[in-house]
1. Rounded, prolate or oblate: which one fits the stretch 12-169, using the alpha carbon gyration tensor with axes a ≥ b ≥ c (rounded when a/c is under 1.5, else prolate when a/b beats b/c, else oblate)?
2. Amide H neighbours of residue 143 under 5 Å, at least 5 residues apart or on other chains, H built in the peptide plane: list them.
3. Defining a contact as two alpha carbons under 8 Å apart and six or more residues distant in sequence, what relative contact order in percent does the stretch 12-169 show?
4. For the stretch 40-82, just say rounded, prolate or oblate: build the C-alpha gyration tensor, square-root its eigenvalues into a ≥ b ≥ c, call rounded for a/c under 1.5, and beyond that prolate if a/b exceeds b/c, oblate if not.
5. For residue 115 and residue 65, FRET efficiency with R0 = 41 Å and r from the beta-carbon atoms, rounded to 0.05?
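Coordinate-derived values only; no laboratory data. Everything numeric here is computed off the predicted structure, so don't read it as measured data. For neighbour counting, all protein chains shown are included, and Cβ atoms are generated from backbone atoms with ideal geometry for every residue, glycine included.
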Amino acid sequence: MTSETKTLEAIPTLPALRALGDLAGVRPVVVIDTREQMPLPFARLAWERGTLVSGDYSFRGGEELFAIERKTVPDLATCCTGDSRERFFRELHRLRGFRFKRLLLVGAREQIEAHDYPGQVIPKAVLATLAALEARFDVPVVFVPSPEEAGRIIESWAFWFARELVKNVNALTRTAAVTQPLRAFRKALNHPSESTNQGS
């Protein structure tokens with residue numbers, strides 16, 4: 001464990017889900033797509049491998065609502081031409097139905113502007129592609145300087161989104177009967193699978 005890890009602010013647990021029992025001590029579990037070859041590090045939340053329909057990262061119980069597509073700057077440059085561009089745009093098109101989606105770029109905008117990546121695609125074309133996909137697919141683009149920072153921001157997004165889901169369910173169940181989908185949501189959050197790994 002590094003000194004940097006020791007100083008990370010702990011992620012709190014989710015609020016109680018009143019109609020379905022107490023969720024005290026529960027935190028979201030990050031789901032990493034099985035096709036992700038170099039997973040980001042997660043220091044504050046547990047994680048597990050899983051097959052995601054869209055995106056590279058989600059959390060257990062929120063796979064159809066929350067999706068993060070991760071790219072490096074060299075990945076992005078490669079995705080700006082030919083068949084790779086069409087495939088990349090299809091991936092982002094699938095994210096349109098998600099309530100929370102992000103294109104998370106590990107690197108800096110200045111790296112693109114300086115053409116600090118392999119290949120002949122000019123910086124202007126890469127930046128134009130980013131602007132076009134944000135407008136076309138309503139997917140915000142977020143730059144982070146390192147894989148460690150990328151892992152931390154996904155942990156934060158997952159916690160706050162899951163927290164809002166719990167709050168909304170609490171509001172719903174003040175007047176409505178508890179239904180099976182709500183029970184399934186609690187089960188997904190509260191029962192880790194055997195493949196779950198704890199963050200270091």
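1. Verdict is prolate for the stretch 12-169.
2. Under 5 Å from the amide H of residue 143 lie the amide H atoms of 105, each far enough along the sequence or on another chain.
3. 26
4. Oblate, because a/c is 1.5 or more while a/b does not exceed b/c.
5. Numbers: r = 37 Å, r/R0 = 0.90.
Once rounded, the FRET efficiency stands at 0.65.
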